[in-house]
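**Student:** The structure under discussion is supplied below as structure tokens; questions concerning it will follow.
The values are calculated or read from the model by the stated rules, or taken from the named source; none is laboratory data. This one's a predicted model, so the numbers in the text were calculated from it and none came from an experiment. Virtual Cβ from ideal backbone geometry, glycine too; neighbours counted across all protein chains shown. Surface accessibility is based on the protein's heavy atoms, side chains included, excluding ligands, DNA and RNA. Shrake-Rupley method; radii C 1.70, N 1.55, O 1.52, S 1.80 Å.
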Amino acid sequence: MESSNRKIVYSAAQPSGNLTIGNYAGAVGNWVRMQKEYDCFYAIADLHAITVRQEPSELRRRTLELAALYVACGIDPEHCALYVQSNVSAHAELAWVLNTLTYVGEMERMTQFKDKSQKHADNINMGLMDYPVLMAADILLYQADYVPVGVDQKQHVEITRDIANRFNNRYGETFRVPEPLILKSGAKIMSLQDPARKMSKSDENPNASVYLSDDRDTVIRKFKRAVTDSESCVRASADKPGITNLLTIYSVFKGCSVAEAEKEFSGVGYGDFKSAVGETVADALAPVQAEQKRLLADKGYLGGILSSGAERAFKAARKTLSKVYCKVGFYRGE
Ligand code: ATP
Ligand code: LTN
């Protein structure tokens with residue numbers, strides 16, 4: 001990733017839970033596409049993950065698994081900095097400074113904080129409340145222009161903009177004010193059991209979501225059980241959400257349009273159609289899973305990718321952090 005005047009993209013994902021084909025279609029695929037056009041920093045947000053309780057050995061395992069999965073999905077460590085958030089101490093350091101420009105009331109109003117406080121009522125810790133400030137630190141450290149996120153994270157990017165403007169107004173121009181990039185291009189994949197709801201990695205019904213780690217038989221079985229309708233015509237329309245979802249999934253994994261998929265399956269029965277979708281997804285996942293497995297077996301190689309990613313990230317982050325420390329009046333030696 002040679003330094004250039006290309007725009008900077010920053011994003012991160014928490015190593016909590018297995019990714020679904022929905023995450024793939026809506027997020028990872030976009031990260032891969034963006035690395036060609038922008039200077040990208042992609043982090044595994046382990047500091048964010050511990051705002052809810054984590055089993056330490058699981059957290060470590062998931063961090064590596066997620067890193068391997070990203071590389072297997074096409075994140076090219078030559079083109080972007082892929083690293084683990086806690087490996088770059090500047091994130092926690094900048095978050096502390098930004099805390100002093102953020103109001104308790106603002107954090108209490110954040111939707112995710114309210115949701116997670118309800119879900120984890122026995123553990124409403126300061127980190128959970130401070131989550132958006134750490135996220136602001138992530139983004140601002142790299143002077144990011146764009147932050148690709150799902151709609152649920154838009155509010156956090158907006159507060160990041162407010163905090164950046166506040167700092168710039170108080171101490172002089174320091175941070176680039178980032179823009180959220182709400183990704184619509186990636187298809188929205190719905191639950192296989194209730195096509196009115198989004199497919200989600202935390203769904204309690206294991207048949208509702210297809211995980212990138214599911215083996216071939218599991219993938220095919222889940223598609224066979226997918227909820228459809230009582231007609232028998234493979235066609236996308238608002239009154240056929242189940243079939244429409246399967247057509248969308250097929251088009252994402254086959255690399256064709258929904259219209260082309262409809263044509264291909266015109267006159268085909270639901271059973272055969274579901275099998276074809278299952279086979280296609282399983283075929284597409286097989287090489288990703290094989291590559292992830294290969295990477296996880298070679299911890300030295302994966303470790304090398306993450307440490308050189310952290311080094312690149314550290315260089316960029318240190319520049320911003322020094323500027324910040326200087327502006328706020330910290331003694332830096334004579
Ligand atoms: P959780 O169940 O923990 O809420 P999730 O599966 O809904 O997780 P997130 O971690 O909230 O996923 O989202 C990660 C990224 O994946 C976001 O950019 C989000 O927009 C995208 N994404 C999640 N689910 C889908 C989906 N079903 N279709 C398309 N994109 C999705
Ligand atoms: N909160 C995000 C993950 C995340 C992030 C970020 C996203 C942490 N830091 C900085 C974009 C930019 C999530 O849970 N999806």
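**Student:** Counting only the backbone N, which residues of the stretch 299-329 are under 17 Å from the spot 7 Å out from the Cα of H79 toward its beta-carbon?
**Tutor:** Residues 309 fall inside that zone.
**Student:** Can you give me the long-range amide H partners of V234? Hydrogens built in the peptide plane at 1.01 Å from N, cutoff under 5 Å, separation of 5 or more residues or another chain.
**Tutor:** Counting only residues 5 or more places away or on other chains, the set is G267, V268.
**Student:** Compute the FRET efficiency between E204 and R318 as 1/(1 + (r/R0)^6), taking r as their Cβ-Cβ distance and R0 = 56 Å, and round to the nearest 0.05.
**Tutor:** After rounding to 0.05, the efficiency reads 0.80.
**Student:** Here's another thing I want to ask about it. In a solvent-free Debye calculation with one equal scatterer on each Cα, what is log10 I(q)/I(0) for the chain at q = 0.06, 0.13, 0.15, 0.16 Å⁻¹, listed in the order of the q values?
**Tutor:** Once normalised to I(0) and log-transformed, intensities are -0.24, -1.02, -1.27, -1.38.
**Student:** Go through V227, V149 and list them by solvent-accessible area, largest first, probe radius 1.4 Å. Provide the component values of the computation, followed by the final result.
**Tutor:** Working: V227 60, V149 20 Å².
Highest to lowest solvent-accessible surface, that is V227, V149.
**Student:** Just the number, please: carbon plus sulfur as a percent of the accessible area of the chain, 1.4 Å probe, no ligands or DNA/RNA counted. Present the calculation step by step, with values, prior to reporting the outcome.
**Tutor:** Working: 8220 of 16210 Å².
Result for the chain: 51 percent of the exposed heavy-atom area is carbon or sulfur.
**Student:** Turning to a different aspect of this structure: How do C233, C256, C326 stack up against each other in accessible area, from largest to smallest, with a 1.4 angstrom probe? Write down the numbers at each step before the final one.
**Tutor:** On the way: C233 55, C256 35, C326 90 Å².
Largest accessible area first, the residues go C326, C233, C256.
**Student:** Turning to a different aspect of this structure: Any chance you could look up the accessible area of I159 with a 1.4 Å probe, heavy atoms only, rounded to 10 Å²?
**Tutor:** 10
**Student:** Follow-up. If you check each cysteine of the chain for another cysteine whose beta-carbon is under 4.7 Å away, which ones come up empty?
**Tutor:** Cysteines lacking a close Cβ partner in the chain: C73, C233, C256, C326.
**Student:** Restricting attention to the stretch 143-209, which GluC sites (Glu not before Pro) occupy a DSSP loop and are surrounded by at most 11 other Cβ atoms within 10 Å? If you can, show how the numbers build up before the last one.
**Tutor:** Numbers: sites: E158, E173, E204; in loops: E173, E204.
Taking the stretch 143-209 and a limit of 11 other Cβ atoms within 10 Å, the loop GluC sites (Glu not before Pro) found are E173, E204.
**Student:** Please report the equivalent ellipsoid semi-axes of the stretch 9-120, computed as sqrt(5 x eigenvalue) of the Cα gyration tensor, largest first, in whole Å. Show your work: numbers first, answer last.
**Tutor:** Numbers: eigenvalues 129, 63, 45 Å².
Result for the stretch 9-120: semi-axes of 25, 18, 15 Å.
**Student:** Let me ask another. How much accessible area per residue does the chain have, in Å², with a 1.4 Å probe?
**Tutor:** Details: 16210 Å² over 334 residues.
For the chain, the per-residue accessible area is 49 Å².
**Student:** Another question, then. Using the charge dipole of the stretch 12-162 (Lys, Arg: +1 at Cβ; Asp, Glu: -1 at Cβ; taken about the Cα centre), state which of V52, P148, Y38 has its Cα farthest towards the positive end.
**Tutor:** V52
**Student:** Note down the magnitude of the dipole of the stretch 102-142 about its Cα centre, charges +1 on Lys and Arg C-beta and -1 on Asp and Glu C-beta and zero elsewhere, to the nearest 20 debye.
**Tutor:** For the stretch 102-142, the charge dipole is close to 120 debye.
**Student:** Now for a separate question. With +1 on the Cβ of every Lys and Arg and -1 on the Cβ of every Asp and Glu, and nothing else charged, how large is the dipole of the chain about its Cα centre, in debye rounded to the nearest 20?
**Tutor:** 440
**Student:** If I ignore ligands, DNA and RNA and count only protein heavy atoms, how much of M107 is accessible to a 1.4 Å probe, in Å² to the nearest 10?
**Tutor:** Accessible surface of M107 is approximately 10 Å².
**Student:** In addition: Along the Cα-to-Cβ line of R166, 7 Å from the Cα, sits a label point; which residues in the stretch 110-146 have backbone N less than 14 Å from it?
**Tutor:** Residues 110, 130-137 qualify, since their backbone N sits under 14 Å from the label point.
**Student:** Select from G105, G172, G127 the residue whose mean-square fluctuation is largest in a Gaussian network model of the chain (Cα-Cα springs shorter than 10 Å).
**Tutor:** G105
**Student:** Counting other C-beta atoms within 10 Å, and keeping those with at most 12, which DSSP coil GluC sites (Glu not before Pro) do you find in the stretch 1-98?
**Tutor:** Details: sites: E2, E37, E58, E65, E78, E93; in loops: E2, E37, E78.
Counting only loop positions with at most 12 other Cβ atoms within 10 Å, the GluC sites (Glu not before Pro) in the stretch 1-98 are E2, E37, E78.
**Student:** Quick one: accessible surface of Y325, probe radius 1.4 Å, all protein chains present, in square angstrom to the nearest 10.
**Tutor:** 30
**Student:** Next question. Under a point spin-label approximation (7 Å from Cα along Cα-to-Cβ), what is the N125-K154 distance to one decimal in nm?
**Tutor:** It works out to 3.1 nm between the two label points.
**Student:** Using modelled amide H (1.01 Å from N, peptide plane; none on Pro or chain starts), what sits under 5 Å from the amide H of C40, excluding residues fewer than 5 places away?
**Tutor:** Hits under the 5 Å cutoff: V9, A81.
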